[in-house]
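> Structure below; questions to follow.
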Amino acid sequence: MGPLGHYKKSLDFATPHVRISEQKTNSASSLPPLSFDRARKVQAPRLMAGNPRPKTFLTTKAMPGIIGKKLGMSHVFQDDGRVIPITFIQCKPNTVVQVKTQGKDGYPAIVLGFDAYKNPSKNKKFKALKEFRVENPDTFQKGQALDLSQLKEVSSVTITATSKGKGFQGVVKRHHFAGGPASHGSHFHREPGSIGMRAKPGRVNKGHRMAGHMGSETITVQGREVVKIIPEKELLAIKGPVPGANNSYVFIKF
């Protein structure tokens, strides 16, 4: 059984239009790869015909957001045979590290800490920190724990994470250049081609697409549908892919 095989039984849906596949994930290699190479905002896909619109629930003011760790991807089957991709995010209790107020800091917000160090220092106790704006900071206290049990069901979330780093890549992979003929005798295969002009202007224009570093960028995806919240197992099931590698930190805003 793969690393996500035992999580699939946690998705016991009450809605009749979604059912769980009996097929288990055998290995992590069977998980569909993620493709978030450039910084962009991706809107939620439109609902297909016959798929009922999810209900909208209001979130509590005590949960502006949470920090989690991406575990990987799986899938579920609908009654009509469609496969729905699922991303599992582990959201252990977050600790309120700092409370900011309008009078002292100029704006109301809280800072959450996630994944505490085993041997913390005086000024470094958590591996991941994130600030969230709030309306009423008086409802929070330093050291307070926030988890999924305090969250009502939501229809969609906004997720921010760092995409996978791909190192130095050429123009074909980085910018999807077509390249030249691959047959014998061609001296132009994967080269970028001409990058400049003649004496006027006599330079390479700014922003010209060339080879360079790819990935490791901050990606924000909006409108990601929440499939299931499992507070007892500290799991959050999101429809579709989520940027970043497995075991990387993701910042979820409700």
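Every read-out reported here was derived from the displayed coordinates using simple, explicitly stated rules and does not represent laboratory data. Source: prediction; values computed, not measured. Using ideal geometry, Cβ is built from the backbone for each residue, glycine included, and neighbour counts are taken over all protein chains shown.
> Could you derive backbone 3J(HN,Hα) for the stretch 126-137 from the dihedral phi with the Karplus parameters 6.51, -1.76 and 1.60 (θ = phi - 60°), listing whole Hz in sequence and x where the residue is Gly or Pro?
These are the phi-based 3J(HN,Hα) values: 10, 7, 9, 10, 8, 9, 10, 6, 9, 8, 10, x Hz.
> Here's a follow-up. In whole Hz and in residue order, list the ³J(HN,Hα) couplings for the stretch 182-196 that follow from phi through the Karplus curve 6.51 cos²θ - 1.76 cosθ + 1.60, θ = phi - 60°; x for Gly and Pro.
The phi angles translate into 9, 6, 5, x, 7, 9, 9, 10, 10, 6, x, x, 5, 10, x Hz.
> On to the next question. Past the 20 angstrom mark, what percentage of all C-alpha to C-alpha distances in the stretch 56-188 do you count?
Beyond 20 Å sits 64 percent of the P(r) for the stretch 56-188.
> Taking θ = phi - 60°, what integer Hz values does the Karplus form 6.51 cos²θ - 1.76 cosθ + 1.60 yield along the stretch 158-171, in sequence order, with x for Gly and Pro?
Each residue's phi maps through the Karplus curve to give 10, 10, 10, 7, 9, 5, 5, x, 10, x, 7, 10, x, 6 Hz.
> Hey, rough spin-label estimate for Asp138 and Gln222, points 7 angstrom out along Cα→Cβ, what's it come to in nanometres?
About 3.2 nm separates the two model spin labels.
> From the cross-link list Lys92/Lys253; Lys118/Lys164; Lys70/Lys125; Lys70/Lys104, which pairs have alpha carbons spaced over 25 Å apart?
Lys118/Lys164; Lys70/Lys104
> Residues with amide H under 5 Å of Leu235's amide H, sequence separation 5 or more or different chain, H placed in the peptide plane at 1.01 Å from N; which?
Cys91, Ile230
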